[in-house]
Amino acid sequence: MRKMKDSETTWLADIPSDWEITRIASLYSLRNQKVSDTEYEPLSVTNKGIMPQLETAAKSNAHDDRKLVKKGDFAINSRSDRRGSCGISDYDGSVSLINTILAPRNAMNPRYYNWLFHTTQFGDEFYCWGHGIVNDLWTTGWQDMKKILIPVPSLPEQEKIAAYLDSRCAEIDSLTADIQTQIDTLEQYKRSVITEAVTMGLNPDAEMKDSGVQWIGMMPSHWAVHPVYTYFGERKNNNRLGKEDNLLSLSYGRVIEKDINTSDGLLPESFNTYNIVEADDIIIRPTDLQNDKRSLRTGLVREHGIITSAYIDLMPIKQVDSRYFHYLLHALDVMKVFYNMGNGVRQGLNYSEFSRLMVFEPPYDEQVAIAEVLDAKVAEIDSIIEAKKEQLSVVDEYKKSLIFEYVTGKKEVAAS
């Protein structure tokens, strides 16, 4: 077992006794040259490294307000809300001014330090040196970053560690990608199960007819088609007295409880403008319709509470099973019907516009039967998806632990 010593810095703890320790400024110099993205290709510093700027990235008209990055430089985003956005550049280019650009001073293996700087522990240490107004959004500049202590293994050991982590983490990433593919397949299967049930019913032998609505097509001949306003009005019961405190939120297609005392800085000082909602209401997020993240814009309310008035609150006005209509609206959202109603515009829809959406009406008993089948089937699929997500979490934590243990010498690469 190798001999260890105290690094005398909390984030590293013990390191091998033959390793040195030094400040970042001893290994890197600051590259702080301003350039134009008309001369140097615009790059993005992301949590997957440095890459050519995406077409969808937010862009500034200040083309000259960029920093030069040379191939082999290390760039890191100095803001805490971009934690983990860093990497070695494979390009000559330009990045936004919020990034710190480091050029190696002496002989080193940059890949070793790339792994070191991507550890959660370094990220925590990096932002401990930062400054800002709120705890979760501040900046760590070069004048502070350069003082951070980091380990210095011998060059041969840096190479061994980097090569091992390159290989081992590639295997882990392949496993992660495989699990994510399984999750994506299950999500697609769930969408197809919902869409088939709410548009075709449960009887595969049912007689069909043309609905007369472009995005609906064929439907069971005994079903009706009417606008949303036939079944749902708009609930606008304002919490103006401020007495309600069961805060609800639309999150990934579900209406969930949210801690009203949360300190994440995203909640208003007063909830007087929020709407009071009731069980069996359907919540619609009518904005950002061009966003391709599906199944996020509808939610079924299960309990009395309050929710932001930015959402449309559909209130049943006749005997319906809101579960069925929630599944139906979810399916129409997946089919991009909401997007087409809004003509793809960012501002979205109001109730008057949304209420004219044509929807199916199976007989009430059939609505209940479809909802019961979907509740059971969706719960089964979601259970499998959650198990897969837990696998992802375990693999991710293993990868983080593996990287930290090797870059700090707590584990030694076996001799080949």
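The values are calculated or read from the model by the stated rules, or taken from the named source; none is laboratory data. In this text, all values refer to a predicted model and were calculated from it rather than measured experimentally. Please note: Cβ atoms are built from the backbone with ideal geometry, for glycine as well, and neighbour counts cover all protein chains shown.
Looking only at residues of segment 216-225 that are under 38 Å from the mean Cα position of the chain (by Cα) and loosely packed, with under 14 Cβ neighbours inside 10 Å, we find that the one that is modelled with the highest pLDDT is Met218. Do you know which residues across segment 184-210 are touching a strand residue (DSSP E or B) at 6+ places or on another chain (Cβ under 9 Å), assigned to a helix (DSSP H, G or I) and among the hydrophobic types (A, V, I, L, M, F, W, C)? Scanning segment 184-210 gives Val198, Met200.
Please work out if Ile148 is in contact with a strand residue (DSSP E or B) (Cβ under 7 Å, 6 or more places away or on another chain), at pLDDT 95 or above and within 19 Å of Ala13 (Cβ to Cβ). Answer is yes for this residue. Residues of segment 226-242 that are modelled with pLDDT of 90 or more and part of a strand (DSSP E or B): His226, Pro227, Phe232, Gly233, Glu234. Suppose we keep only residues that are touching a strand residue (DSSP E or B) at 6+ places or on another chain (Cβ under 9 Å) and over 29 Å from Ser401 (Cβ atoms) within segment 95-116. Which one would you say is surrounded by the most Cβ atoms within 10 Å (Cβ to Cβ)? Within segment 95-116, the match that is surrounded by the most Cβ atoms within 10 Å (Cβ to Cβ) is Val95.
In this structure, does Asp90 turn out to be under 21 Å from Ala163 (Cα atoms), assigned to a loop (DSSP other than H, G, I, E, B) and at pLDDT below 95?
Working: under 21 Å from Ala163 (Cα atoms): yes; assigned to a loop (DSSP other than H, G, I, E, B): yes; at pLDDT below 95: yes.
Answer is yes for this residue.
So if I check each of Leu102, Leu12, which one is part of a loop (DSSP other than H, G, I, E, B), within 21 Å of Lys146 (Cα to Cα) and modelled with pLDDT of 90 or more?
Numbers: Leu102 fails: part of a loop (DSSP other than H, G, I, E, B).
That would be Leu12, the only listed residue that is part of a loop (DSSP other than H, G, I, E, B), within 21 Å of Lys146 (Cα to Cα) and modelled with pLDDT of 90 or more.
Given the criteria loosely packed, with under 13 Cβ neighbours inside 10 Å, modelled with pLDDT under 90 and within 18 Å of Ile98 (Cα to Cα), does Asn47 qualify? Yes; evaluated as a whole, the condition is true for this residue.
Pairing residues of segment 206-223 that are more than 13 Å from Pro362 (Cα to Cα) with residues that are among the basic types (Lys, Arg), at Cβ distances under 7 Å and at least 6 apart in sequence or on separate chains, gives Met218/Lys209.
Would you check which residues across segment 15-44 are in a strand (DSSP E or B), among the small types (Gly, Ala, Ser) and at pLDDT 95 or above and list them?
Step one: of segment 15-44, the residues in a strand (DSSP E or B) are 15-16, 20-23, 28-31, 34-35, 42-44.
With the extra rule that they be among the small types (Gly, Ala, Ser), the set shrinks to 29, 44.
The one that is in a strand (DSSP E or B), among the small types (Gly, Ala, Ser) and at pLDDT 95 or above: Ser29.
Residues being in contact with a helix residue (DSSP H, G or I) (Cβ under 9 Å, 6 or more places away or on another chain), surrounded by 15 or more Cβ atoms within 10 Å (Cβ to Cβ) and not in a helix (DSSP H, G or I) are represented in segment 361-377 by at least one member. Checking each residue in segment 255-275 for being of a type in the set (A, V, I, L, M) and modelled with pLDDT of 80 or more picks out Val255, Ile256.
Hey, does segment 129-137 have a residue that's closer than 27 Å to Cys169 by Cα, among the hydrophobic types (A, V, I, L, M, F, W, C) and surrounded by fewer than 18 Cβ atoms within 10 Å (Cβ to Cβ)? Even if it seems obvious, please write down each step before you answer.
Just the residues of segment 129-137 that are closer than 27 Å to Cys169 by Cα, to begin with: none.
No.
Considering segment 396-416, and only residues there that are charged (D, E, K, R) and either in the same structural domain as Tyr112 (by TED's automatic domain parsing) or closer than 20 Å to Ser174 by Cβ (or both), the residue that is surrounded by the most Cβ atoms within 10 Å (Cβ to Cβ) turns out to be Lys399.
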